[in-house]
Amino acid sequence: MTKKSSSHLPCCSKRQNQFSFTCGLIMAMLVSAFWLFYPPPIHARASVTITDSMGREITVPAQVDRVICSGSGCLRLLTYLQAQDRIVGVDSAEKGGLPFSADARPYAIANPQFRDYPLFGEFRGHDSPELIAGLDPQPQVIFKTYASRDGGIDNLQTKTGIPVIALDYGNLTYARDDLDKTLTIMGSVLGIEERARGVIQFFNSLQADLEGRTRDIPKDQRPTVYVGGVAQRGGHGFQSTESAYAPFEFLNAQNVAGHLYSNEKRSSHASVAKEKILIWDPEIIFMDISTTRLDGIANGLEQLRQDQAYRTLSAIKKSEVYGVFPYNFYTQNFENIFANAYFIGKTIYPDQFADIDPMEKAEEISYYLNGGPAFRIINSHFENLGFSRITVNQQ
């Protein structure tokens, strides 16, 4: 029996082909829509575009394993992010180039290996394109703090051929958003967004703890305070202060110089007249121990000891002068600032900080941010004046 030919089969095959094509088209559209709304992770792409602190759009490799940090405090922030092992060079600050005879940077004390890296330029962002070109391996990205102030980023990028990410260093008070944004940018570039969020939350939790301990203390039970000897691009004497001194802000303390800060100025460092300090007559004085490394009468502690006018201050008469760790040392030491806040809190509000050992708390902060201890070592370089009552009236 002869089989009949199936004349309808080619038509069926044509429909199947059309169906397959339609399904494939739909799937392609669905995948495209998915990646439109849910883009692949950064490290699944060859390169990404980052918007830096100056609003510049910079294309960087998706996987960044080699960097250098230019400018004051830049390597400090990288260390906070636990990415210090990605550097391929350092500036002169890490090789003893700062204008101090002792180091008060916990991130550097906890990571002494920094001094063994090749040099790429001078501190405060004075980079050498020639030295950068000689680094082996080459950095994939240059992070640069204080770029908006110091300039030269586009020129550096042109000369080196390496993407330069401009960063605002920020601070813990009026420029907190800048600090958080910088940590977020660095975390994004390095693919460690979770750690960046963790550091930001760590700062927030410390501040909340400090504020919570002191929020309900009546104003008439808050002593007036002053911090002197604050470094600013080098050491300064007793009249150098911070009007928005973060430890005082977090503790709701009565900073006698607090009224000097203004939002318009966007700077809280001040050098105040001696006569003003005498009029303010703070009940408790805190001395930034960076000043004690200055010679002779430039030393803030020696100024208190030798100037008879200062001897009339109530804090000196009552031996209420205490040492705190350097606020600025290659710009602001955020771990020092929080550690100081706990010491100051225990000094002026002992009941609210009865559970705190300031030195233990300081080392705990350093371990989280820098991967190791630092404060006891730093203190040994400053005659253990940190977190101690300082004798002014010597016999």
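Just the Cα atoms of segment 46-193, one point each, no solvent: what log10 I(q)/I(0) does Debye give at q = 0.17, 0.21 Å⁻¹?
The Debye formula, applied to the Cα set alone, gives -0.93, -1.49.
Take the eigenvalues of the Cα gyration tensor for the chain, scale each by 5, and report the square roots as semi-axes in whole Å, largest first.
Ellipsoid semi-axes (Å, largest first): 55, 25, 17.
Counting only DSSP beta bridges with both residues in segment 46-193, what percent are antiparallel, rounded to the nearest 5?
Antiparallel bridges make up about 40 percent of those DSSP assigns within segment 46-193.
Greater than 28 Å separation of Cα atoms is the criterion. Which listed pairs, Lys181/Lys219; Lys144/Lys276; Lys219/Lys346; Lys219/Lys274; Lys95/Lys144; Lys95/Lys276, meet it?
Lys181/Lys219; Lys144/Lys276; Lys95/Lys276
Using alpha carbon coordinates only, what is the Rg to Rh ratio of segment 218-389, with Rh defined as the Kirkwood radius?
0.94
Can you tally the net charge around Ala309? Count Lys and Arg as +1, Asp and Glu as -1, for every other residue whose Cβ sits under 15 Å from the Cβ of Ala309.
+1
Net charge around Gly228, counting only other residues with Cβ within less than 11 Å of its Cβ (Lys, Arg = +1; Asp, Glu = -1)?
My count for the surroundings of Gly228 gives -1.
Within 10 Å of each candidate Cβ there may be at most 14 other Cβ atoms; applying that plus a DSSP loop requirement, which trypsin sites (Lys or Arg not before Pro) in segment 253-300 survive?
Of the trypsin sites (Lys or Arg not before Pro), the ones in loops of segment 253-300 whose Cβ has at most 14 other Cβ atoms within 10 Å are Lys265, Arg266.
Only bridges with both residues in the chain count here: give the DSSP antiparallel percent, nearest 5.
About 40 percent, rounded to the nearest 5.
Suppose a student asked you for the relative contact order of the chain, using Cα pairs under 8 Å spaced at least 6 residues apart; what percent would you report?
Normalised by residue count, the contact order of the chain is 16 percent.
All of the numbers you see were taken from the coordinates with simple rules; none came from a lab. As the structure is a computational prediction, the values presented were derived from the model and not from experiment. Ideal geometry is used to build each Cβ from the backbone, glycine not excepted, and the neighbour counts take in all protein chains shown.
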